[in-house]
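The values are calculated or read from the model by the stated rules, or taken from the named source; none is laboratory data. Here the structure is a predicted model, which is why all the values come from computation and not from measurement. Here the Cβ is made from the backbone with ideal geometry for all residues, glycine too, and neighbour counts use every protein chain on show. Just the protein is used for accessible areas: all its heavy atoms, side chains included, with ligands, DNA and RNA removed. Shrake-Rupley method; radii C 1.70, N 1.55, O 1.52, S 1.80 Å.
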Amino acid sequence: MTTLTLPGLADVHTHLRVPGGEHKEDFATGTAAALAGGITTVLAMPNTSPPLTTPDALALAYNRATAATRCDLGLYAGASPEDVAHLPALGEQAVALKIYLNDTFGKLRVEDLATLRACFQLWPRHKLIAMHAEKQSVAVGIGLAATYGRSVHFCHISRRQEIELIADAKAAGLPVTCEVTPHHLFLDEGDATRLGPLGDMRPILGTADDVAALWEHINSTIDCIATDHAPHTLAEKHSDSPPPGVAGLETSLPLMLHGVVDGRITTDRLIQLMATNPRRIFDLPAQPDTQVEVDMTPYTISNDNLYTKCGWTPFAGMAAAGRVQRVTLRGQIVYEDGRVTAVPGSGRVVL
Ligand code: NCD
Ligand code: ZN
């Protein structure tokens, strides 16, 4: 058995569904899934019910996270037209601001220019702004980054036209960063047809050429791998109006390590994309005495023994390398041989 030792990974894009969606996931189950995937810091998105757009909603989520998280966890505040006046206060309670420019699960959306300008003027300058922007909306985000001279992080970039525009923006010296998900690297529109609602998420799966473009930029333009872990129950997925989103916390590292075994990326680059860069970009606290030990024996991903409450993965049946064997967080063993040993509340909520 070959063992690989990695630093604790950071996933800057998860939906842990608290408050209001606890039948899909909660902080205790979502962070158990994170540890099982070698991830020791997660950032949770604000498209909850209610959304995290007010100090009260964010304080509630913060308290729930403090009581339940098993790894380190930070919260995003959400931007909404009704709550722009709260932005300075929200900056005290969240790691970053999330602005949704395009349609997705939940009602959180910014569609007017006045709110967008307010976000860039009022959100504290030392905290990051992250955007769900697709197609032309990426140009809107780049324009705002240039206009206000502040960093913008693009979530789940999925198309050739988008990654090439971000490459151009970086070449022009603009302060933009981006993440890509494992599902956009390992699945395409053919898989969307095969999987039906289980292969539907926002952004939708791309063409083979989109996937090729992402891999072409894996050693340059792409800053982070983030899961966009967005669990929904199988009943919801098989309903008449299936919500978009798929789980990803437990399969991200095994899939990316498959990319290492295939020679598509190096282990050093994987560490940059999944640990060093996300921690630097979001200014996340270091975790001393923290490591992930991985058994590199190849295996097939399955729906069995998942910690995510939704209990399924769109990657079932796919080849992976690297089963997480042991995770140590600040000197404590938090996951070992398939068992999460960290108790709820043992992780830290980070700001
Ligand atoms: C996410 C969800 O379910 O919350 N769904 C998705 O398809 N990605 C929302 C989002 O990240 O846009
Ligand atoms: Zn998301």
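Would region 143-153 turn up any residue that is within 16 Å of ligand 2 (Cβ to nearest atom) and over 14 Å from Leu101 (Cα atoms)? Checked region 143-153: no residue is within 16 Å of ligand 2 (Cβ to nearest atom) and over 14 Å from Leu101 (Cα atoms). In this structure, Arg279 does not qualify as out of contact with any strand residue (DSSP E or B) (no Cβ under 7 Å at 6 or more places or on another chain), of a type in the set (D, E, K, R) and farther than 23 Å from Asn47 by Cβ.
Yes/no matrix, rows are residues, columns are (1) over 25 Å from Pro182 (Cβ atoms); (2) surrounded by fewer than 24 Cβ atoms within 10 Å (Cβ to Cβ); (3) among the aliphatic types (A, V, I, L, M):
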position: Leu122; (1), (2), (3): yes, yes, yes
position: Glu134; (1), (2), (3): no, yes, no
position: Gly141; (1), (2), (3): no, no, no
position: Thr147; (1), (2), (3): yes, yes, no
position: Arg150; (1), (2), (3): yes, yes, no
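Leu108 satisfies every condition listed in (1) in contact with a Phe, Trp or Tyr (Cβ under 6 Å, 6 or more places away or on another chain); (2) surrounded by fewer than 19 Cβ atoms within 10 Å (Cβ to Cβ) except (2). Please determine whether any residue of region 93-109 is away from ligand 2 (no atom under 16 Å from the Cβ), over 22 Å from Ile157 (Cβ atoms) and not in a loop (DSSP other than H, G, I, E, B). No, every residue in region 93-109 fails to be away from ligand 2 (no atom under 16 Å from the Cβ), over 22 Å from Ile157 (Cβ atoms) and not in a loop (DSSP other than H, G, I, E, B). Taken over region 187-203, the criterion of being in contact (Cβ under 8 Å) with a residue 40 or more places away in the chain and either β-branched (Val, Ile, Thr) or farther than 18 Å from Pro231 by Cβ (or both) is satisfied by Asp191 alone.
Kindly indicate whether any position in region 74-83 is farther than 22 Å from Ala118 by Cα, touching a residue at least 24 places away in the same chain (Cβ under 8 Å) and within 16 Å of ligand 2 (Cβ to nearest atom). Looking through region 74-83, at least one residue is farther than 22 Å from Ala118 by Cα, touching a residue at least 24 places away in the same chain (Cβ under 8 Å) and within 16 Å of ligand 2 (Cβ to nearest atom).
When Ile204 is tested against (1) within 16 Å of ligand 2 (Cβ to nearest atom); (2) of a type outside the set (Lys, Arg); (3) open to solvent by less than 10 Å² (accessible area, probe 1.4 Å), only condition (3) is not met. When region 101-156 is examined, which residues are found to be under 16 Å from Pro51 (Cβ atoms) and in contact with a Pro (Cβ under 6 Å, 6 or more places away or on another chain)? The answer is Phe105, Leu108, Thr115.
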